[in-house]
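**Student:** I'd like to ask some things about the structure below.
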Amino acid sequence: MNVEVEVSIKASKPAIWAAISDIEHATKIIRGIEKIEIVNKPANGLIGLRWRETRILFGKPATAEKWITDAVENEYYQTRAESDGFIFLSTTRIEEQEGQQGAMRLISVHDSQPQTWMTKLMVIPMRLFFKGVAKKALMQDLIDIKTAVERA
């Protein structure tokens, strides 16, 4: 199940990158994140950064351990998480917005990949219900980032 959202931000790539790559302090920008606990911090760069992220989902705290698998500074990073028979792959990237001077596109793409026969069956109702919920939450994350970056 793929979900993709994007927003336009009037800021530089480095300013947006600074906001999205500061995982340790994400709770100060993204209101949907309740808690971040760093598990592993690489000596330099983002690749290998591993953290536990707690959000409120359906009224209950839900914690997922995520890690960065690939990154190019000021362009994108990719994360992976595994839980309950799913692999969750995410990419957050910054692109220049054509036709708008000084504006960038911040894009978030999430792919939920079922790994067991049971989770493959679960994907059918997820497409109907969860996809909309996920899209709304991801869009709110991007709006929170946009607000923080444009305010700075």
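**Student:** Among the residues of the stretch 46-64 satisfying the criterion of being in contact with a strand residue (DSSP E or B) (Cβ under 7 Å, 6 or more places away or on another chain) and exposed (fewer than 15 other Cβ atoms within 10 Å of the Cβ), which is nearest to Ile107 (Cα to Cα)?
**Tutor:** Ile47
**Student:** Let me spell it out: the conditions are (1) touching a helix residue (DSSP H, G or I) at 6+ places or on another chain (Cβ under 7 Å); (2) surrounded by 14 or more Cβ atoms within 10 Å (Cβ to Cβ); (3) of a type in the set (Lys, Arg), and Lys35 meets all of them except one. Which number is the exception?
**Tutor:** (2)
**Student:** Against the definition (surrounded by 13 or more Cβ atoms within 10 Å (Cβ to Cβ), within 19 Å of Thr69 (Cβ to Cβ) and at pLDDT 95 or above), how does Ser108 come out, yes or no?
**Tutor:** Yes: the conditions hold for Ser108.
**Student:** In addition: How about the stretch 1-47: which of its residues are of a type in the set (Asp, Glu), free of Cβ contacts under 8 Å to residues at least 40 places away in the same chain and not in a loop (DSSP other than H, G, I, E, B)?
**Tutor:** Glu24, Glu34, Glu37
**Student:** Looking only at the stretch 111-149, how many residues end up being modelled with pLDDT of 95 or more and touching a helix residue (DSSP H, G or I) at 6+ places or on another chain (Cβ under 7 Å)?
**Tutor:** Going through the stretch 111-149 one residue at a time, the tally reaches 3.
**Student:** Return a yes/no flag: does the stretch 123-130 have any residue that is of a type outside the set (D, E, K, R), within 26 Å of Ala19 (Cα to Cα) and under 17 Å from the mean Cα position of the chain (by Cα).
**Tutor:** No: zero hits.
**Student:** Same structure, new question: Could you please give the count of residues in the stretch 84-97 that are farther than 13 Å from His110 by Cβ and either among the hydroxyl-bearing types (Ser, Thr, Tyr) or at pLDDT below 95 (or both)?
**Tutor:** Here the count works out to 4.
**Student:** Out of Arg55, Arg80, report the one residue that is closer than 24 Å to Thr116 by Cβ, assigned to a strand (DSSP E or B) and touching a helix residue (DSSP H, G or I) at 6+ places or on another chain (Cβ under 9 Å).
**Tutor:** Arg55
The values are calculated or read from the model by the stated rules, or taken from the named source; none is laboratory data. Just so you know, these numbers come straight off a predicted model, no measurement behind them. No Cβ is skipped: glycine too gets one built from the backbone with ideal geometry, and neighbour counts run over all protein chains shown.
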